[in-house]
Amino acid sequence: MTKRAVFINTGFDPTIALDAVAALSLSTGDLLILVYPMTTYGHSKIRSENTITQIKAHLDLLKTRGRNIILKELGIGLTDLKTSIATLLDSIAEAKNAGLRVYLDLTGGVRAITVLMTLIAAWFPHLVDEITLVSEVNQMRISLPVIPSAILNDWTLCAVLEIVALRGNVKRKDICRDLGISESSISRAVTKLKNMGLLDEELRTLSLKDKFKDLEPFFTRLVKYTNFQKMK
């Protein structure tokens, strides 16, 4: 199983990071990156240091139980926006280039870091696999796939994903009929979407991965709101 790098917008509250460790079932070899604002202000600095200390203590406890999660601290000096962007982007790229699946957790922390993480996911989708957050309304954890640019540049991928999202369960032959394109083209598209982790297939019947079914409104509007010429 591919190891993960989870970037947590930590801020001054350890609860967010500890919840992510449990909810994402982080295990030995996974990387937990605490992203926090570098500050020299007395009270804020103490809160930040206490937060990191509590997280380290929890990971040390997990290590005694056989879960050796790697911890990395990433201080962001938000007074210099250019340096902040470069530091965060380079760290995310480093994790991805190391072969890790990259998750960005946007549950809490500092608003400016949340914005930077969101922009990086939007502008560099090949570097980020998922965005996760906990809903403030019902405290449920939500996983949002970062749509690879390959989908948005390919009409067939968008069209296949849209039909699967609309139907719920659909066979390949039905997609071929509805789109009027060859079975080989559909096969290539399905393989790509499965490799991206978006689709399940059983007995040649396709469906969205369970964790993405709440996001059907995004997928059912891909063709409508994506600007490209229809290519068959």
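The values are calculated or read from the model by the stated rules, or taken from the named source; none is laboratory data. Being a predicted model, the structure only gives us computed values, none of them experimental. All Cβ positions, even for glycine, are placed from backbone atoms using ideal geometry, and neighbour counts span all protein chains on display.
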Checklist entry - Taking segment 180-204, which residues are assigned to a helix (DSSP H, G or I) and among the charged types (D, E, K, R)? => result E183, R188, K192, K194
Checklist entry - Scanning for something surrounded by fewer than 18 Cβ atoms within 10 Å (Cβ to Cβ), without any contact (Cβ under 8 Å) to a residue 24 or more places away in the chain, over 26 Å from A98 (Cα atoms) and among the aliphatic types (A, V, I, L, M), does segment 57-64 turn up at least one residue? => result yes
Checklist entry - D105 passes all but one of (1) touching a Leu at 6+ places or on another chain (Cβ under 6 Å); (2) acidic (D, E); (3) touching a residue at least 60 places away in the same chain (Cβ under 8 Å); which number fails? => result (1)
Next on the checklist: Suppose the filter is of a type outside the set (G, A, S) and within 30 Å of Q139 (Cβ to Cβ); does L119 pass it?
Outcome noted: yes
Checklist outcome for this item: Residue hits (segment 7-31; among the hydroxyl-bearing types (S, T, Y) and at negative phi) are T10, T15, S27, T28
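Looking at R101, R47 in this structure, which one is among the charged types (D, E, K, R), under 25 Å from Q139 (Cα atoms), in the same structural domain as L24 (by TED's automatic domain parsing) and at pLDDT below 90?
Checking each option against the conditions leaves just R47.
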Item to check | Check on V134, modelled with pLDDT of 90 or more, among the β-branched types (V, I, T), in contact with a helix residue (DSSP H, G or I) (Cβ under 9 Å, 6 or more places away or on another chain) and over 22 Å from G99 (Cβ atoms) | outcome: no
Next on the checklist: Given the criteria of a type in the set (A, V, I, L, M, F, W, C), within 20 Å of D200 (Cβ to Cβ), in the same structural domain as E201 (by TED's automatic domain parsing) and touching a Ser or Thr at 6+ places or on another chain (Cβ under 6 Å), does L166 qualify?
Outcome noted: yes
Checklist entry - In segment 64-104, what count of residues is obtained for those that are under 13 Å from L31 (Cβ atoms) and acidic (D, E)? => result 2
Checklist entry - Restricting to strands (runs of 3 or more DSSP E) lying wholly in segment 1-119: which have 2 or more residues that are more than 17 Å from the chain's Cα centre (by Cα)? => result 31-37, 70-76
Checklist entry - Is it true that G99 is small (G, A, S), in contact (Cβ under 8 Å) with a residue 40 or more places away in the chain and touching a Gly at 6+ places or on another chain (Cβ under 6 Å)? => result no
Checklist entry - On the given criteria, is G77 on the phi > 0 side of the Ramachandran plot and touching a residue at least 24 places away in the same chain (Cβ under 8 Å)? => result no
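Any chance you could count how many residues in segment 144-179 are of a type in the set (S, T, N, Q) and either assigned to a helix (DSSP H, G or I) or at positive phi (or both)?
Matching residues across segment 144-179 total 2.
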